[in-house]
Each structure stands twice: as C-alpha cells, then as structure tokens.
Amino acid sequence: MKKISIALFSIVAMAGVASAQTAKGSASAGATVNAGAAAKAGTGAATGAAGSAAGAAKTGAGAATGAAGSATAQAGAAMEMPKPPAEVKDMVKMAGAHNNCKGTGLGMDMKSEVKFTGSINRKADLDNWWVHESMTGTMGEGKTKATMKMEAYMTWDAKMGKWRMVSVMNDGTQMVGTADFKDGKLEAVSDTTGPMGSGMFKDHGDATDKKAGMHMWGEMSMDKGKTWTKVYDMTCK
C-alpha cells in the first residue's frame, strides 16, 4: 500500500515535473516568440517613426524653403527704389534753365527799397529728385551794394500734394517750407532762421503772362504772423 502510494506519488511527482518542464518550455518558447514578435514590432515601429521623422523633416524643409522664397520675394519688393516724380522735370521745363531777374529788395535799414538785379540757373538734380536753383544777385548801389547768393531745392511730394522746399543763403539764413503751384500761380509758406532770428516767410508768384515772365514777391514776419513786411518784388524771365 505504501509502495503503491509511493509509486503514485512518484508518478504524480514526475507528472508534475514533466508539466513544470513543459510549462517552462512553453513559457520559454512563448517568451522567445513574444520577444521575437516584440523585436519585430519594435523594429517596425522604429522604421515607421524614422519614416515619419524623415517625412516631417522633408515637409519642414519644404516649408522652410517656401518661407525663405516668400521672404526673399517680399524683401525684393521692399527693396525696390521709388521713382523720381515727373513733376520735377516738368517744372524745370516750364520755368526754364536760366532766368534774368529785375526788381526791388528791402534795404539794410529794413525800411527803404533798393534796386535788385540777379539771375537764376535751374536744373533737375540728385537723380531727378529735386529742382535745384542757384541764384545770385546784387542789392543796392555804391557803398551799400550787397551780393546775394542762394541755393534752393524743391521736390514734389505726391502724398502731401505739395512741393517741399529748402534753401540756404550767403548771409546764414535758411528756409524750410511747402508750396502750391497751380494754374501758373505760386503760394509758398516757410519757416526761416538766420542772424535776425526766427520768423515766417511767404512767397507769391504769378506766371500766367508768359511774355511778362514770372512775377514774384515775398513778405516776412518776425512776430509769428502778427505783422508782415514786404521783402522783395521782382520779375524773372
């Protein structure tokens, strides 16, 4: 009975060992299979990820190239230089390259009128952006005779719809202002600064009579526009 029991125990035990070994083998085989599958899956995933990364890189590179091209195009458009206004050459043609001027000017005592004679040379300058006027003249006679020189520039500002002007003279005076020129008539307003101090200046012109030439006269205020003094009156042709 004991032997049978021992035999049965031995058979059960051997069956258990065999089952354990089978299970171990199955587990090992399963682990091996699973490991292989996992490895293959990992490799596939890695390949897919690499492919996705490569695709993303290509897409990013394409986007970067497109952005760079767009930026280059915008930079090219931004770098395009504006063209000089046609009004500059038109003004030079209308006014002429040279004018002789005669008239009167304000004397050194700031009260009397003195004789004025002068000339103006005019051209389109600085790549046709500015009308450049060079004026020389004499005021008075004898011991009170004085020489006047002026360099003036003006250009047409399409946004403002006006002429912008700047001029300097041989007595240290400078003027900056704007002007309207329409139907042969000129109206200009400037701020002036010089040895006499700061003030305001108005120029008026009438070129409607081509035979008579351009009649111009100017007035100045040293009290912010409260009172005005006539400074010159002349005709140029």
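Of all the residues in the stretch 136-162, those that are under 20 Å from Cys236 (Cα atoms), under 33 Å from the mean Cα position of the chain (by Cα) and not acidic (Asp, Glu) number 4.
Screening the candidates Gly142, Gly172, Gly118, Gly213 for the property of being touching a Cys at 6+ places or on another chain (Cβ under 7 Å) and more than 19 Å from Lys230 (Cα to Cα) yields one hit, Gly213. All of (1) in contact with a Lys or Arg (Cβ under 7 Å, 6 or more places away or on another chain); (2) outside any strand (DSSP E or B); (3) of a type in the set (A, V, I, L, M) hold for Met160 with one exception: (1). Within the stretch 109-130, being modelled with pLDDT under 95 and assigned to a strand (DSSP E or B) holds for one residue alone: Glu113. Whenever a residue of the stretch 185-214 is in the same structural domain as Lys226 (by TED's automatic domain parsing) and farther than 14 Å from Val166 by Cα, its partners that are crowded, with 19+ Cβ neighbours inside 10 Å and among the charged types (D, E, K, R), lying with C-beta atoms within less than 9 angstrom and at least six residues away or across chains, give the pairs Leu186/Asp203; Glu187/Asp203.
Just to be sure, is Ala152 surrounded by 15 or more Cβ atoms within 10 Å (Cβ to Cβ) and either under 18 Å from Asp206 (Cβ atoms) or touching a Lys or Arg at 6+ places or on another chain (Cβ under 8 Å) (or both)?
No, not satisfied.
Among the residues here, Asp206 qualifies as surrounded by 13 or more Cβ atoms within 10 Å (Cβ to Cβ) and touching a strand residue (DSSP E or B) at 6+ places or on another chain (Cβ under 7 Å). Just so you know, in the stretch 168-194 the residues that are crowded, with 19+ Cβ neighbours inside 10 Å and of a type outside the set (Phe, Trp, Tyr) include one that is nearest to the chain's Cα centre (by Cα), and it is Gly177.
Going by the structure shown, is Thr104 in the same structural domain as Ala152 (by TED's automatic domain parsing), at pLDDT 95 or above and surrounded by fewer than 16 Cβ atoms within 10 Å (Cβ to Cβ)?
Working: in the same structural domain as Ala152 (by TED's automatic domain parsing): yes; at pLDDT 95 or above: yes; surrounded by fewer than 16 Cβ atoms within 10 Å (Cβ to Cβ): no.
Against the criterion (in the same structural domain as Ala152 (by TED's automatic domain parsing), at pLDDT 95 or above and surrounded by fewer than 16 Cβ atoms within 10 Å (Cβ to Cβ)), Thr104 does not qualify.
When the test is whether a residue is in contact with a Lys or Arg (Cβ under 9 Å, 6 or more places away or on another chain), under 25 Å from Val114 (Cα atoms), aromatic (Phe, Trp, Tyr) and surrounded by 14 or more Cβ atoms within 10 Å (Cβ to Cβ), Trp228 passes it.
The values are calculated or read from the model by the stated rules, or taken from the named source; none is laboratory data. Being a predicted model, the structure only gives us computed values, none of them experimental. Heads up, the Cβs are rebuilt from the backbone with ideal geometry, glycines too, and the neighbour counts pull from every protein chain shown.
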